[in-house]
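Working notes for the structure below.
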Amino acid sequence: MNIAVVGTGYVGLVSGTCFAESGNEVICVDINRERVAQLQAGKVPIYEPGLEELVRRNVKEGRLSFTTDLVPAVGQSMVSFLAVGTPMSDSGAADLSQVFRVAEQVAKATIGYHIIAIKSTVPVGTNDRVRTIVESNGKGRIDVCSVPEFLKEGSAVEDFMRPDRVVLGSTSEQATAILREVHAPFVRTDNPILVMDPRSAELTKYASNAMLALRISFINQMANLCEAVGAEINDVRRGMGTDKRIGSQFLFPGVGYGGSCFPKDVQALIHSAGDHKLDFSILRAADAVNDEQKQILVTRAKEHFGNDLRGRVFAVWGLAFKPRTDDMREAPSLVVIEQLLAAGAKVRAHDPEALEGARKVFGDRITYHATNYEALQGADALMILTEWNEFRHPNFQRMKADLKAPIIFDGRNLYEPGLMKALEFKYYSIGRRPVA
Ligand SMILES: NC(=O)c1ccc[n+]([C@@H]2O[C@H](COP(=O)([O-])OP(=O)(O)OC[C@H]3O[C@@H](n4cnc5c(N)ncnc54)[C@H](O)[C@@H]3O)[C@@H](O)[C@H]2O)c1
């Protein structure tokens with residue numbers, strides 16, 4: 001099948017590449033000329049494990065190409081997947097301008113039968129609005145479907161190739177049949193394709209992200225209670241997570257959730273509910289808890305060193321919002337580093353993939369280090385903000401030698417408090433029982 005994918009970000013590039021990998025001819029469209037030029041030259045502009053190899057192979061075998069020219073791309077395709085951004089607007093609602101613009105362009109470029117499949121995360125009712133745009137701009141017969149994407153950055157290719165489910169919002173039998181065929185290679189292990197009306201599909205995506213955000217805020221607040229009462233969050237987490245009704249995922253305490261999805265999707269869902277005179281108070285609480293949680297390490301540091309951090313140097317390990325990605329959108333590191341700088345501290349940062357992104361945000365206000373040990377040199381303390389695997393078993397003796405004093409503020413609970421005590425580190429983590 002010939003497929004166009006509009007938007008070559010984390011979702012569009014992964015989707016387009018995986019559709020090509022399953023034999024389709026895919027043309028990816030983006031307005032970002034630099035990005036398209038990079039992709040045409042075989043360079044993948046984002047870090048996502050396994051992606052570059054797949055892109056190269058499918059380009060080489062002629063199934064995957066990139067363009068800035070939407071009209072011919074759509075003209076030669078049966079389906080256009082929309083994977084453009086839906087960022088948070090000032091009001092908290094999702095900004096749908098990219099989606100609407102592309103829908104209009106696709107409609108105008110369509111000649112015969114065509115499917116617009118909205119993959120971007122969009123508020124309930126967007127499918128109807130896109131349909132209205134398409135009806136007033138299109139010449140061909142166009143079905144508008146909602147196919148929200150559930151991949152996780154850091155394992156996006158794997159998630160796309162083996163999704164737990166595909167959610168397909170469609171009111172057209174023809175479009176449903178075609179989209180089922182497109183997704184069939186990814187659900188060979190009998191994971192379901194759930195066909196539903198577009199409104200339910202749109203809401204399913206928000207409901208999923210909102211539930212995951214709730215779990216994180218819940219466990220973070222539980223961790224704070226553990227500290228207050230002298231309990232151990234890891235025991236509580238395991239004790240509750242082994243209950244099959246609860247499950248163990250997304251119950252790790254830390255410095256708050258970030259990324260390009262949870263913060264904006266929680267806000268957008270609160271906003272959608274507000275449009276219907278409903279106060280989604282549980283989500284407002286999750287969001288407020290998350291904002292507080294992002295402050296927790298700097299509060300600890302101020303308790304340790306005093307409020308004035310002038311002259312203090314902090315090594316920061318981890319800038320991306322999660323491991324195995326270079327994405328820094330809404331990352332807790334953004335808040336933590338700004339707070340450290342505001343209190344007068346200096347920051348020496350390391351991240352295996354996100355240094356370039358961080359440089360765009362912080363410029364020369366912090367220093368950037370190619371290795372985690374280099375970042376430690378001469379620092380008063382280490383702060384850990386992302387749980388990259390390579391931080392899990394460091395050489396503690398070397399760390400002690402590099403740091404001015406053996407102090408760690410661990411926002412991801414990477415180490416055992418007992419071991420830290422034995423190694424004579426002053427070790428702060430989240431929700432752990434102090435070691436006597
Ligand atoms: N990132 C994730 O993990 C993830 C997961 C699931 C769903 N989503 C959703 O998918 C959507 C895309 O997210 P993303 O992270 O890939 O975004 P992104 O910002 O990485 O990529 C969006 C791309 O769309 C391009 N674009 C914007 N306007 C365009 C236009 N008129 N024509 C062509 N291209 C255009 C941009 O240049 C950019 O390359 C969002 O709605 C997001 O909420 C994201």
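The values are calculated or read from the model by the stated rules, or taken from the named source; none is laboratory data. Being a predicted model, the structure only gives us computed values, none of them experimental. We place every Cβ from the backbone using ideal geometry, glycine too, and count neighbours over all the protein chains shown. All accessible areas refer to the heavy atoms of the entire protein, side chains included, with ligands and DNA or RNA removed. Shrake-Rupley method; radii C 1.70, N 1.55, O 1.52, S 1.80 Å.
At a glance:
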quantity	calculated
Selection within the range 322-342 - within 30 Å of V157 (Cβ to Cβ) and out of contact with any Leu (no Cβ under 9 Å at 6 or more places or on another chain)	K322, P323, R324, T325, D327, R329, E330, V335
Tally, over the range 92-132, of residues that are part of a loop (DSSP other than H, G, I, E, B) and not hydroxyl-bearing (S, T, Y)	11
Residue in the range 121-132 that is nearest to the ligand (Cβ to nearest atom), counting only those that are in contact with a helix residue (DSSP H, G or I) (Cβ under 6 Å, 6 or more places away or on another chain) and open to solvent by 10 Å² or more (accessible area, probe 1.4 Å)	T121
Residue in the range 82-91 that is crowded, with 18+ Cβ neighbours inside 10 Å and either part of a helix (DSSP H, G or I) or in contact with a Phe, Trp or Tyr (Cβ under 7 Å, 6 or more places away or on another chain) (or both) present	no
Residue satisfying all of: in the range 226-268; among the small types (G, A, S) and either touching a strand residue (DSSP E or B) at 6+ places or on another chain (Cβ under 7 Å) or over 30 Å from V11 (Cα atoms) (or both); nearest to the ligand (Cβ to nearest atom) among these	A268
Wholly enclosed strands (runs of 3 or more DSSP E) of the range 133-220 bearing at least 2 residues more than 15 Å from the ligand (Cβ to nearest atom) and under 24 Å from I111 (Cα atoms)	141-146
Qualifying positions in the range 262-300 - open to solvent by 50 Å² or more (accessible area, probe 1.4 Å) and within 18 Å of the chain's Cα centre (by Cα)	D291
